[in-house]
Amino acid sequence: MPVIWGSQAPVRRVDVREFARLEEALAADASAWLLPRSQDADARAWNHRIRTIRGMTGLFNGSAYFACTLGPHVAGVAIINSRHAEYLYLELLLTHPGQQGAGSLLIEHIVNDWARPVTEVRLATLVRARDFYLRLGFLPLQENQMRLDLRGSPQWEQAGGRWRLKAYAHLANFATWSDETSPLPPKAPPP
């Protein structure tokens, strides 16, 4: 069922043109995962996530662009802005609803790929994504702003000169892709 991250990480830095193409492919593919209109709260939240992907496509610019592909699929994209000397700023992180692990992979790759040593990442997040970033070790700064201090975070470790998420450090393969072309239908209404 899943396509697994193999011996070579699927994250790479891309130029702005390739990024635009991959970001659009991600949004188009994710749109196929929309559920029929429903009063079910889970279905509404699911559809909101997918519409957010489409709505954020093409809105952000940065200093560096990254893509995560699993097999032929675009699993996620990220934009970094390096205008601050002390830290990297994550302008955008979008992931496909049919995958798991791409967001973590992108962040891990970015902090290790950067030309200068990275010890801090900041971002502005949507309320719905806050828990994801908290699991990765980001802490609230103010309102929707969050900060990851790699040196002080219990979720991260440095091994062999590279930053790794401790939750995945023991795994060679942690990103997966669902072969489904759309999600399961919403839950049946209660009788």
*Could you grab the relative contact order for the range 11-177? Cα pairs under 8 Å, six or more apart, rounded to a whole percent.*
18
*For a footprinting-style exposure proxy, rank Asp131, Asp29 by other Cβ within 10 Å, fewest first.*
Asp131, Asp29
*What ranking do Ile107, Ile79 get, fewest neighbouring Cβ atoms within 10 angstrom at the top?*
Ile79, Ile107
_Rounded to two decimal places and with Rh computed the Kirkwood way over Cα pairs, what is Rg over Rh for the range 11-177?_
0.95
*In what sequence do Leu34, Leu139, Leu148 fall when counting other Cβ within 10 Å, fewest first?*
Leu139, Leu34, Leu148
*How big is the gap, in Å, between the Cα center of the range 129-174 and the Cα center of the range 47-76?*
20
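All of the numbers you see were taken from the coordinates with simple rules; none came from a lab. Small disclaimer: the values here were computed from a predicted structure and weren't measured. Neighbour counts are summed over all protein chains in view; Cβ atoms, including those assigned to glycine, are modelled from backbone coordinates with ideal geometry.
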